[in-house]
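What follows is a single structure, written as structure tokens, with notes after it.
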């Protein structure tokens, strides 16, 4: 039986700290007018020192599960699309799994830069379509503020932090994720890049390995080339995915693009001969949150009543790699009411999940201590 992956829950989280263009003008040679005219951005959210990509992702996922009315124990797959993990391993997704108490879930991170959410959505929907899993959580989460050069006005004005998530649920009812197209072009990898986070020298290999190939782990970007790339692939991706879904642009109620830059979206809209209000835009108040931008924008569009049951919505992403892609989704849900008691009980469950996690860590330490004790090991001659 064919299974369809329906979006049944959604959630977003933005840090409390908001940095305006005026504040940035005290840090670099720029003005609010200069930034807004070139990007459409007025402000962005910046993670607090105690916040991480994983904690942002958890907050978004918890909200999405609340909307879906799904218990974490029912989640079978967690995918986090991110370019800013706190660790190379454990993955951000594994940390989220622990925070949620999703004991039956597989979890991994996916790296496709600003296209990451579309890529992750496809991986999860195909897992559901094949019957491998029934429920999945897809998250885009970033702390871009920690990987940009705050003295470079060309990049530091663009990015912000945040997370967005959706819950996918398998169903035999047609709908949900209808079609997806994914593309890449590694020859353009140097146009938008972020070096890996390891810097340890390799002294045994000689002086030429003293920096291990990397000097700075900050975003590098050729803005003009990225602009040309993005304006072209937005239009072509939308056209390709609609062809796959056997739809026309007239069948689409809303397009939710990666929120990189207002000028990019305006140019793409002109190429498609569409009014700008066909695209949902929130980049003015969030900046570019990379893989998190599409799910954050989706949540805001739902909150504003921009999507109704049976509407078709297109997600389109583009970013480093180079990568790009688009998905067509049949929107067939309305947000259910969540009572105050239900909301607080869910919070209690997550606190309990943290407690169970600490107990498991303590248990491992005790077992290790016992194993190291004089009576903890059998003599070698007794082991066989």
Exercise. Rounded to the nearest 5, what % of the DSSP beta bridges within the chain are antiparallel ones?
Worked result: 70 percent
Exercise. Counting DSSP beta bridges in the range 1-130, what percent are antiparallel, to the nearest 5?
Worked result: 45 percent
Exercise. Which residue, 182, 362, 110, has the most motion in a Gaussian network model of the chain that connects Cα atoms within less than 10 Å?
Worked result: 362
For this session: Quick one: among 172, 184, 327, which has the greatest mean-square fluctuation in a GNM of the chain with alpha-carbon springs under 10 angstrom?
Result: 172
Exercise. If we count other beta carbons within 10 Å of each Cβ, what is the order of 159, 117, fewest first?
Worked result: 159, 117
For this session: Please order 226, 75 by the number of other Cβ within 10 Å, starting at the fewest.
Result: 226, 75
Exercise. What list do you get for 45, 71 if you sort them by fewest beta carbons within 10 Å?
Worked result: 71, 45
For this session: If a/c stays under 1.5 just call it rounded; otherwise compare a/b with b/c (prolate if a/b is bigger, oblate if not). Do that for the range 1-145, with a ≥ b ≥ c from the square roots of the Cα gyration tensor eigenvalues.
Result: prolate
Seminar exercise, completed: From the Cα centre of the range 239-262 to that of the range 95-141, the distance in Å is 23 Å
For this session: For n ≥ 4 DSSP H runs only, could you compute -39500 (n - 2.57) per run for the chain, divide by its residues and tell me the 222 nm figure to the nearest 500?
Result: -11000 deg cm²/dmol
Exercise. Of the residues 129, 113, 292, which exhibits the maximal mean-square fluctuation in a Gaussian network model of the chain defined by a 10 Å Cα contact cut-off?
Worked result: 129
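Each reported figure results from applying straightforward, stated rules to the coordinates on display, with no laboratory input. The shown structure was predicted, so the numbers you read here are calculated from the model rather than taken from an experiment. Quick reminder, even Gly has a Cβ in these numbers, built from the backbone with ideal geometry, and neighbours come from all protein chains shown.
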